[in-house]
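Data block below; observations after.
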Amino acid sequence: MVERGRRWKPDWRLWLFAALLLPVLLGLGTWQVQRAGEKSAQLEQWDQQLEEGDWPETIERGLTLGQPVQLSGHYDPSYVWLLDNRTRDGRTGYEVLTLFQPANGPRVLVNRGWLPAPKRRSQLPPVDTQPGRVQIRARVADYPTPPVLADTPEENGWPRRVQALRPDDVQAVAPDVVGRMLRLENPGQPGAFRADWAPDLMGPQTHYGYALQWFSLATALVVLTVVASFRKEKSQDEHGNG
């Protein structure tokens, strides 16, 4: 009996499939590594200490997501947006966005936290605004502009209910408003409602774990494709019987 061997005989269909799938797997792994780096930077920003300096100096240095800021000024109760469809503990409500006029520098939009919605859709919750000069501590955040939402009909009057809010919408009533908004740091801040913000719970290690999975799949794809390209040779007996 003649021992069977293996010889290189690749299948072009298998290699085409691997060539198309491999960049996808590598791209997903690389993207997860990038997300891990971004998440590490965000967590470092969240943990950093409050920098000294007034509001105009803070803006000149640049505002980054999660950055803690402190400023004095007063709320402008004339302009209040209610960000719709925000839930807490399974209950629907609104996040209250109010313009804030610092003692120095341009105005800024402040997210004061969450309020429960009344039972009737036609009703809006009462929004009390603390008068006079206050000092607030907050975190820099992006405007609530999810790309998946289509434009909705604009409501009239104030407070104004919105599904999303863009800087251009706020600039229509406050041309000098800053391009990023602030979230009150905690419910103990002046004018706060339920302000229970926290950084994203998915830390960088989770993203690194996902990246390892994608790179492992890419490695397995290459190994299996190469192994499958070596095929057994038929023995002499098999050739004769054939």
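The values are calculated or read from the model by the stated rules, or taken from the named source; none is laboratory data. On a predicted model such as this, the values are computed, not experimentally measured, just so you know. Positions of Cβ are backbone-derived with ideal geometry, glycine not excepted, and every protein chain shown enters the neighbour counts.
Here are the numbers for the structure shown:
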item	result
Residue identified as at pLDDT 90 or above, more than 17 Å from Val177 (Cβ to Cβ) and surrounded by 12 or more Cβ atoms within 10 Å (Cβ to Cβ) among Leu65, Leu99, Leu82, Leu124	Leu82
Members of region 35-58 found to be modelled with pLDDT of 80 or more and surrounded by 15 or more Cβ atoms within 10 Å (Cβ to Cβ), listed by number	Arg35, Ala36
Close pairs (7 angstrom Cβ cut-off, 6 or more residues apart or separate chains): touching a residue at least 12 places away in the same chain (Cβ under 8 Å) and on the phi < 0 side of the Ramachandran plot in region 121-136, part of a loop (DSSP other than H, G, I, E, B) and aliphatic (A, V, I, L, M) anywhere	Pro125/Ala117
Cβ pairs under 9 Å, 6+ apart, first in region 141-165 and within 19 Å of Arg183 (Cα to Cα) and assigned to a strand (DSSP E or B), second modelled with pLDDT under 85 and among the aromatic types (Phe, Trp, Tyr)	Ala141/Trp197
Complete set of residues in region 85-96 that are charged (D, E, K, R) and either crowded, with 23+ Cβ neighbours inside 10 Å or assigned to a strand (DSSP E or B) (or both)	Arg86, Arg88, Arg91, Glu95
